[in-house]
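Heads up, the thing below is written out as structure tokens.
The values are calculated or read from the model by the stated rules, or taken from the named source; none is laboratory data. If you're wondering where the values come from, they're calculated on a predicted model, not measured in any experiment. All Cβ positions, glycine included, derive from the backbone under ideal geometry; neighbour counts span all protein chains shown. These accessible areas exclude ligands, DNA and RNA; they are computed on the full protein's heavy atoms, side chains included. Shrake-Rupley method; radii C 1.70, N 1.55, O 1.52, S 1.80 Å.
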Amino acid sequence: MLHYEPKDLSIPEVHRLLLGGVAPRPIALVSTISTDGINNLSPFSFFNAFGANPPVVAFSPSRRGRDASLKDTYNNLIATKECVIQSVTHSMVEQVSLASAEYSPGVDEFIKSGLTPIDSDIVKPKRVKESPFQMECKVLEIKSFGIGGASANLAICAVIKFHVAEDLFSNGIIDPVKIDLVARMSGNFYSRAGSDVFSIKMPGNKKCIGYDQIPEHIRKSEIYSANDLGKFGNTESIPSDDEVKIFIQKMSEEKLEQFESSIEAFKRYHRLTDHNKMLKAALSVKENKKQNIELSAKTALKNNDVDFAWKAALYAGSLK
Ligand SMILES: Cc1cc2nc3c(=O)[nH]c(=O)nc-3n(C[C@H](O)[C@H](O)[C@H](O)COP(=O)(O)O)c2cc1C
């Protein structure tokens, strides 16, 4: 590991560390309006949501690194106390990047970026038509931390109206693939968030046994990854010896055809990630029995059949 205290680094070095390690960051495309009525539109990735009751979001139009001057967005927020924050999708990311160029205060970035301004319902700043998720906001507070270049100005805002495209939803939630958001990483890198989506079973209100209660033979096995162990820990109770015995008996009784109870068949089922057939084949083949049963348990975890995985893993632990 490398170890740094910010006081020993230059400001660009600190900035680069934050951009790389605090990532991927959602991007707020922020629309404001000056007291002269000039629209402003800029992206900010020092941004997130912090509560739902009331809905609170915050972003940081920081001082410019170059000369510590204040950005137009900040000046407009101070003057008008209003903004619209929109999410940034993959289809608009190049235009959003164009809006981030350093135009002089009198320049309307809707015109420069080619993005389309539409009226908001409550606040004066315009919404961006191309974004499928828009939030009309009132500024609650702006917290400044320092007056040097790249110092933070945390604009804390209450959302007073959401505008969401109806075709974004699947089963009552915003579908991450449909919304196709982009996020900011280090340097010039972005991430297309909807293209690598996976889900995990959340512990929620469940009383999980936790990592420390996983039997040692499972924790020490070379078959399971750290994430596998995390999944084992995310359960409320461990199956009893009797439950394991009944399960294994049932699996052994459900015979496979002769050609299927071979190590080749086990390997084929492994490639097909069929944990059920893997275990049946593993039980009927002497070769690498313990390891193959553990591989069946690992595959069951991958397929989110945690009860199966527990029983197979506990049985494997009883073998030499
Ligand atoms: C994706 C992206 C994210 C950005 N995030 C931030 C940020 O969090 N804070 C910031 O001060 N500038 C950020 N910038 C740079 C501003 O968008 C840029 O300084 C812009 O010109 C500010 O415009 P304004 O002076 O009209 O407010 C970001 C730029 C891009 C392209």
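Before moving on, here are some points about what is shown:
- Conditions (1) open to solvent by 20 Å² or more (accessible area, probe 1.4 Å); (2) more than 11 Å from the ligand (Cβ to nearest atom): number failed by GLU102: (2)
- Checking VAL22 against (1) open to solvent by 70 Å² or more (accessible area, probe 1.4 Å); (2) closer than 23 Å to HIS163 by Cα; (3) among the aliphatic types (A, V, I, L, M), the condition it does not meet: (2)
- Scanning the range 265-299 for residues that are hydroxyl-bearing (Ser, Thr, Tyr) and touching a residue at least 24 places away in the same chain (Cβ under 8 Å) gives THR273, SER284, THR299.
- Candidate set: the range 79-93, residues that are away from the ligand (no atom under 12 Å from the Cβ) and more than 13 Å from VAL30 (Cβ to Cβ); chosen: the one surrounded by the most Cβ atoms within 10 Å (Cβ to Cβ): THR89
- For the range 40-78, the set of residues classified as among the small types (Gly, Ala, Ser) and near the ligand (Cβ under 8 Å from one of its atoms) consists of SER42, SER45, SER60, SER62, listed by residue number.
- For the range 28-59, the set of residues classified as open to solvent by 10 Å² or more (accessible area, probe 1.4 Å) and under 21 Å from the mean Cα position of the chain (by Cα) consists of PRO43, PHE44, SER45, PHE46, PHE47, ASN48, ALA49, PHE50, GLY51, ALA52, PRO55, VAL56, listed by residue number.
- So VAL96, is it among the hydrophobic types (A, V, I, L, M, F, W, C), on the phi < 0 side of the Ramachandran plot, buried (at least 21 other Cβ atoms within 10 Å of the Cβ) and within 13 Å of the ligand (Cβ to nearest atom): yes
- Screening LYS138, LYS124 for residues that are among the basic types (Lys, Arg), in a loop (DSSP other than H, G, I, E, B), more than 11 Å from the ligand (Cβ to nearest atom) and modelled with pLDDT of 95 or more leaves exactly one candidate, LYS124.
- Qualifying residue in the range 245-264 (condition: within 18 Å of THR299 (Cα to Cα), touching a residue at least 40 places away in the same chain (Cβ under 8 Å) and within 28 Å of the chain's Cα centre (by Cα)): no
- Helices (runs of 4 or more DSSP H) fully within the range 1-100 counting 2 or more residues that are more than 16 Å from VAL123 (Cα to Cα) and of a type in the set (A, V, I, L, M, F, W, C): 11-21, 93-99
- Residue match in the range 259-281 (condition: within 26 Å of LYS207 (Cα to Cα), in a helix (DSSP H, G or I), hydrophobic (A, V, I, L, M, F, W, C) and out of contact with any Asp or Glu (no Cβ under 7 Å at 6 or more places or on another chain)): no
- Subset of the range 153-197 [basic (Lys, Arg) and either farther than 30 Å from LEU77 by Cβ or within 16 Å of the ligand (Cβ to nearest atom) (or both)]: LYS178, ARG184, ARG192
- The single residue among LEU140, LEU115 that is open to solvent by 10 Å² or more (accessible area, probe 1.4 Å) and within 29 Å of the chain's Cα centre (by Cα) turns out to be LEU140.
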